[in-house]
Amino acid sequence: MDLAARIRRRRESVAETRVVLDYHAISPVAHVDEPTNRGTVLERLLDHADPVFDGRLPPNAYVWGPPGSGKSAVVTALFSQLRRVGPLSDSVIHTTTRGGTNATPSLVYVDARHANSEFGLYQAVLDGMLDESVPKHGVGTAALRSRLADTLSDDHRVLVALDHVDEPGTRSFAATVEAFEGMGRSLSWLAIGRRPPSALSVDGPPERIEVPAYRDLALVDVLTARASAGMARRAIEHEQLRRIAVWSDGNAHDALCVLFAAADEAALADVSTVRERDLHAGMDALPQPSVSLGRVFALSANRQRVLARLIDIDDDQRASVDAAATAVAAAPAVDLSVGTVKRLLYELAEIGIVERVTDERSSNGAGRSPSRLEPRFPIHVFRRLHALSDR
């Protein structure tokens, strides 16, 4: 956010009693243009991407780090800024010993949570490279792969950042590597994931860039910047932000979920500052362990509608998958059959978005005990963000 916008917000908040001025600014699924306290990582990524400034492609690389360390934030910020620079290779110096090219490599960011198949991967890369539209239906995977291979050349190269590889519901690192094999030297990739290189199913590339978890003071800076952009002045104290940072143990996603939920609790109570009870409510709103909201919002519209209804039904209606499916399907906004909802609930449990917890108290001694469905994501934050997205 630019300085003028910050000044305007502070002027507007002088007579403002609302705690939250901009929910997007404190959202745990929103990325900022310039990530806070990630300068060292950005420098390492810039060093790796340096050949792009010379019209060439860098080698393949793997960016890795724990959840909430800002991997997606720094990569999306870097790619966004590099695109804004424009045709970098126009400044290539041609000499008798070093050739040059006027073709700047394309920079394509692909979220594996959305492109979670080989077809989706090729479609997303082509869509990022070409001006014309690339079909999402009516064409086979082999045809798209062939089109990508034909599109690549010495004058049409691409650096692909593939985010969230090797997560539940996304393609493995090995499958990603295999999908790009045979593309020659006109394509290089930057894979982003959580697993350390030693845990990958195949040997990773020689270039490996680690993104460490945030230190407490760095995470306080992140929270301060977000609160300054999205909350009224003096709506939250520095000590409260410090406590959130320490509680979150280096995970910016979890810290922002707590900030968001606490601020919303205060806003709903129509008070001007975040109270102690709001802070505790924000911390209690985050299940442990918690699924990233980025994964939840990458789900299809039908799955999100099912989750939005699931978190609003009574506990006894979640006592079994059958009961939950019946209650969820009864909502007009869901517009799905009981059978379809049941299938989606099983799929959501399989990828860890919800958990099937055996309820021994409901067992009658015959057969398997029913499984109660428990959401594994921040319900409060999801509910508010999902409602805002429907406006």
Matching residues, the range 154-188, being within 18 Å of the chain's Cα centre (by Cα), of a type outside the set (Asp, Glu) and on the phi > 0 side of the Ramachandran plot: His164, Gly169
Looking at (1) assigned to a loop (DSSP other than H, G, I, E, B); (2) in contact (Cβ under 8 Å) with a residue 40 or more places away in the chain; (3) closer than 23 Å to Ala218 by Cα, which one does Gln288 not meet, given that it meets all the others? (2)
Going through the range 264-291 in order, the residues found to be within 14 Å of Phe382 (Cα to Cα) and of a type in the set (Gly, Ala, Ser) are Gly282, Ala285, Ser290
When you look at Pro332, is it under 20 Å from His386 (Cβ atoms) and without any contact (Cβ under 8 Å) to a residue 12 or more places away in the chain, yes or no? yes
Extreme residue, farthest from Ala331 (Cα to Cα), among residues of the range 283-318 that are in contact with a strand residue (DSSP E or B) (Cβ under 9 Å, 6 or more places away or on another chain) and of a type in the set (Lys, Arg): Arg295
For the range 20-55, enumerate the residues that are part of a loop (DSSP other than H, G, I, E, B), free of Cβ contacts under 8 Å to residues at least 60 places away in the same chain and closer than 16 Å to Leu187 by Cα. Gly55
So Phe297 fits all but one of (1) open to solvent by less than 40 Å² (accessible area, probe 1.4 Å); (2) within 24 Å of His31 (Cβ to Cβ); (3) in contact (Cβ under 8 Å) with a residue 60 or more places away in the chain; what number is the exception? (1)
I'm trying to understand the selection: among the residues of the range 174-205, which are touching a Leu at 6+ places or on another chain (Cβ under 9 Å), over 16 Å from Pro59 (Cα atoms) and part of a loop (DSSP other than H, G, I, E, B)? none
Quick one: is Asp155 more than 29 Å from Pro67 (Cα to Cα), among the charged types (D, E, K, R) and without any contact (Cβ under 8 Å) to a residue 60 or more places away in the chain? yes
Scanning the range 188-201 residue by residue, the ones that are open to solvent by 60 Å² or more (accessible area, probe 1.4 Å), of a type outside the set (D, E, K, R) and touching a residue at least 12 places away in the same chain (Cβ under 8 Å) total 1
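For every residue, the table says whether it meets (1) at positive phi; (2) surrounded by 17 or more Cβ atoms within 10 Å (Cβ to Cβ); (3) of a type in the set (Lys, Arg).
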{"site": "Tyr109", "(1), (2), (3)": "no, yes, no"}
{"site": "Ala112", "(1), (2), (3)": "no, yes, no"}
{"site": "Ala115", "(1), (2), (3)": "no, yes, no"}
{"site": "Leu130", "(1), (2), (3)": "no, no, no"}
{"site": "His137", "(1), (2), (3)": "no, no, no"}
{"site": "Gly140", "(1), (2), (3)": "no, no, no"}
{"site": "Arg145", "(1), (2), (3)": "no, yes, yes"}
Within the range 117-128, the residues that are surrounded by fewer than 20 Cβ atoms within 10 Å (Cβ to Cβ) and within 19 Å of the chain's Cα centre (by Cα) are Ser117, Gly120, Gly128
Between residues in the range 307-329 that are under 15 Å from Thr358 (Cβ atoms) and open to solvent by less than 20 Å² (accessible area, probe 1.4 Å) and residues that are at pLDDT below 95 and charged (D, E, K, R), which pairs lie under 6 Å by C-beta distance while being six or more apart or on different chains? Ala324/Arg318
Taking Ala285 as the residue in question, decide whether it is modelled with pLDDT of 95 or more, of a type in the set (A, V, I, L, M, F, W, C) and either surrounded by 21 or more Cβ atoms within 10 Å (Cβ to Cβ) or in contact with an Asp or Glu (Cβ under 9 Å, 6 or more places away or on another chain) (or both). no
Quick one: count up the residues across the range 301-324 that are under 20 Å from the mean Cα position of the chain (by Cα), over 11 Å from Arg383 (Cα atoms) and of a type in the set (S, T, N, Q). 1
Return the only residue of Arg234, Arg208, Arg242, Arg171 being part of a helix (DSSP H, G or I) and basic (Lys, Arg). Arg242
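The values are calculated or read from the model by the stated rules, or taken from the named source; none is laboratory data. Please read all numbers here as calculations on a predicted model, not as lab measurements. Note: ideal-geometry Cβ built from the backbone for every residue, glycine included; neighbour counts use all protein chains shown. Surface accessibility is based on the protein's heavy atoms, side chains included, excluding ligands, DNA and RNA. Shrake-Rupley method; radii C 1.70, N 1.55, O 1.52, S 1.80 Å.
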